[in-house]
Structures are given as structure tokens and as C-alpha cells.
Amino acid sequence: MDISNTITKILVDKLGIAETEVTPDANFVRDLGIDSLDYAELVMEFEQSFNIRIPDEDAEHLQTMNQAVAYIDNKMKS
């Protein structure tokens, strides 16, 4: 499973963000315009798509594509 592609698909399908805007360093809030409600939905989608649990204190640190990919990759390995 390609984590980056899956996250991109979630952003495009669920939040209507253009695929071209989703770059490795894109900040979810600042660059992609995601508000707190969208962010909560995004974290839930990550949990469902990757079958992992993301505690709130961890979710606060997932601010860019790279951070989310690295975090999810690490969670799936443990």
C-alpha cells in the first residue's frame, strides 16, 4: 500500500482538494486550507484507511504530508 497515494486520494475525495496542491511539504491548514472540522475527519479517514489508532496528542503533530506519511508508516510497522 502506498501511504502517500492513499493520503492524497483521501484529501482529493473527501475534502475536494486539487491533487496538484498535495505536495510532500504541504501544510494541511496553511497550504491546503483545512479547518479543524476537516482535520478531525481527515484523522478519522487515516485511522479507517490504514486500520490504525491516532491519539489526539499525535494527531496535533501531523501537519504536513511528509509528517503524516512518516507517522502512518511507523504505526503500521509497529
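Quick one: in segment 33-54, which of the residues that are assigned to a loop (DSSP other than H, G, I, E, B) and within 22 Å of M1 (Cβ to Cβ) is least open to solvent (accessible area, probe 1.4 Å)? My answer is I54.
The single condition among (1) open to solvent by less than 60 Å² (accessible area, probe 1.4 Å); (2) at pLDDT 95 or above that N5 does not satisfy is (1). For beta carbons closer than 9 Å, sequence separation of 6+ or different chains, a first residue in segment 52-66 that is at negative phi and a second that is open to solvent by 100 Å² or more (accessible area, probe 1.4 Å) and part of a loop (DSSP other than H, G, I, E, B), the qualifying pairs are Q63/R30; T64/D25; M65/D25; N66/D25.
The values are calculated or read from the model by the stated rules, or taken from the named source; none is laboratory data. The model shown is predicted, which means the values in this text are computed figures rather than measured ones. Here Cβ is always computed from backbone atoms with ideal geometry, including for glycine, and neighbour counts include all displayed protein chains. Surface areas here come from the heavy atoms of the whole protein model, side chains and all, with no ligands, DNA or RNA. Shrake-Rupley method; radii C 1.70, N 1.55, O 1.52, S 1.80 Å.
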